Amino acid sequence: MRRLPSCLLLLIALWGCEPQPSPIRHDPIVVYASYADERYLPELFADFTEETGIPVTVAYDRSDVHAQNLILNIGSPPVDVFLSRSVAHLWNTANEGALRPITAVNLANVPEMLRDQDALWTAINYQQSVIVHGSGAREPYPVSFVDFADATYKGRVCVSSSSLPANRLVLAMMIADLGAKRTERVVRNWMRNLAVAPFKSEADLMAAVEADECEFGIASGWQVDPDLLVIRPLPAYLQIEGIGIGRHSRYPDSAEQLVNWMLSEPVNQHHAQSVQAMPVIGRPFDAEAGQVPATAGWNDEDARLLAERASYH
C-alpha cells in the first residue's frame, strides 16, 4: 500500500484539530476600601477573579479620603468600585454625582430600605448600633440611647469620638426621630454623664468598658469584643457596609460584575459572616429600624454641627 507523504499527513492532522480560543485578558478593576485587615478583601476577591478572569486591586485609605478623591476624580489609581461603612460618604458621593447607577441583576434582591432610591449605592450587609457593657454593670439597664441622658447614668457612660461615622449615624438618626432640639438636649446630657472623655477609637472604648472604667458604651456593632455583653436598643439604628460604582470608572462592566457577585446569595452570606454582620440577601429582613440608613447622609452635617454645639468631640 502506498504511504501518504508526511506533509499531507500533517495537513490532515491540522484539519482535524479545532482551534482553541485565546483566553480573554481583563484589566484589573480598582476597589477603594477601608479595612484594618488588608489581607481579607484580596483573599475574598481572588474567588471572583477565578470565576470571571477579572483581576481586582484594593486601594486602602480612610473612607472620607476615598470619598473626596472619588468626588474630585483625583484618586490614584482611579476608582472603579467604592466600598464603605459610612452611609454619609456613600450618600455624599452619590449626591455630588460621583457614582453611576447600578444595573446589577441581584440589586433587586436587596430590601428597598437598604439601597439608594436611584440605585447609586446599595448595602451589602448591615449591623445594628448597640450598647456594650461588662458583667459588673448595675441596673437599671438602658433600653434606648436616649436613656443615657438620665441622671441615673451619671459617671457610667462611655462614647467614642463624634467624628467616627458610626457615631454620626446615631446622631443623624436621632435627629430624624426626635428632632434637632431634643437630640441636642439628649447629647448635652450624655456629655454630663460621661465617666471619661470621648475615646478616639471604638477599640479604646471597648477596652475601657472591659476594664470597668465605665459601665456602658455606645458602639457600632462591628467587631464587638466577645468578652462584652450587648444590648440592642430600640429603635434600632442600622449601620451598613455599602458599595457603589465610580462615575468615572474605566471598566464599568467589570465593576458591575463585581457588585453583582457581592450580591449573590452564597458570597453575600459568606462575606457578612466574615465581618460579623447580617447579609442583605437570602434572609428575612425585619425593618425595625427607626430610620432608613440614608438618613445618616441627609442629616450628617446637622449631626456634625450638633455634636460641636454639645461639646461632643
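Would you check which residues across segment 75-90 are within 25 Å of Asp253 (Cβ to Cβ) and either among the polar types (S, T, N, Q) or surrounded by 20 or more Cβ atoms within 10 Å (Cβ to Cβ) (or both) and list them? Hits for segment 75-90 are Gly75, Ser76, Val79, Asp80, Val81, Phe82, Leu83, Ser84, His89, Leu90. Determine whether Ala13 is under 30 Å from Ala166 (Cβ atoms), at pLDDT below 95 and exposed (fewer than 12 other Cβ atoms within 10 Å of the Cβ). Here the answer is no, as Ala13 does not meet what is asked. Out of Arg138, Arg168, Arg185, one residue alone is more than 15 Å from Gln291 (Cβ to Cβ) and in a helix (DSSP H, G or I). It is Arg185.
Does Val30 satisfy being surrounded by 14 or more Cβ atoms within 10 Å (Cβ to Cβ), touching a Pro at 6+ places or on another chain (Cβ under 7 Å) and closer than 16 Å to Glu256 by Cβ? Yes: the conditions hold for Val30. Could you say which residue among Ala172, Ala123, Ala119 is surrounded by 23 or more Cβ atoms within 10 Å (Cβ to Cβ), in the same structural domain as Ala277 (by TED's automatic domain parsing), aliphatic (A, V, I, L, M) and under 26 Å from the mean Cα position of the chain (by Cα)? The conditions single out Ala123. Among the candidates Ala219, Ala207, Ala211, Ala197, the residue that is in contact with a strand residue (DSSP E or B) (Cβ under 9 Å, 6 or more places away or on another chain), over 16 Å from Phe145 (Cβ atoms) and not assigned by TED's automatic domain parsing to the domain that holds Arg85 is uniquely Ala207.
Hey, among Leu194, Leu228, Leu205, which residue is of a type outside the set (Lys, Arg) and more than 19 Å from Gln127 (Cβ to Cβ)? Every option except Leu194 fails the conditions. For segment 161-183, taking the residues that are at pLDDT 95 or above and of a type in the set (D, E, K, R), the one that is nearest to Asp302 (Cα to Cα) is identified as Lys181. Answer with yes or no whether Val58 is crowded, with 22+ Cβ neighbours inside 10 Å and of a type in the set (A, V, I, L, M). In short, no. Count of segment 196-216 residues, restricted to those that are surrounded by 14 or more Cβ atoms within 10 Å (Cβ to Cβ) and under 13 Å from Ser163 (Cβ atoms), is 3. Is it the case that segment 221-232 has a residue that's in contact (Cβ under 8 Å) with a residue 24 or more places away in the chain, hydrophobic (A, V, I, L, M, F, W, C), buried (at least 16 other Cβ atoms within 10 Å of the Cβ) and closer than 20 Å to Glu112 by Cβ? Checked against the condition, which is being in contact (Cβ under 8 Å) with a residue 24 or more places away in the chain, hydrophobic (A, V, I, L, M, F, W, C), buried (at least 16 other Cβ atoms within 10 Å of the Cβ) and closer than 20 Å to Glu112 by Cβ, segment 221-232 yields no hits at all.
The values are calculated or read from the model by the stated rules, or taken from the named source; none is laboratory data. Computed from a prediction, not measured in an experiment: that's the story for all the values here. Every residue, glycine among them, receives a Cβ derived from its backbone with ideal geometry; neighbour counts consider all protein chains shown.
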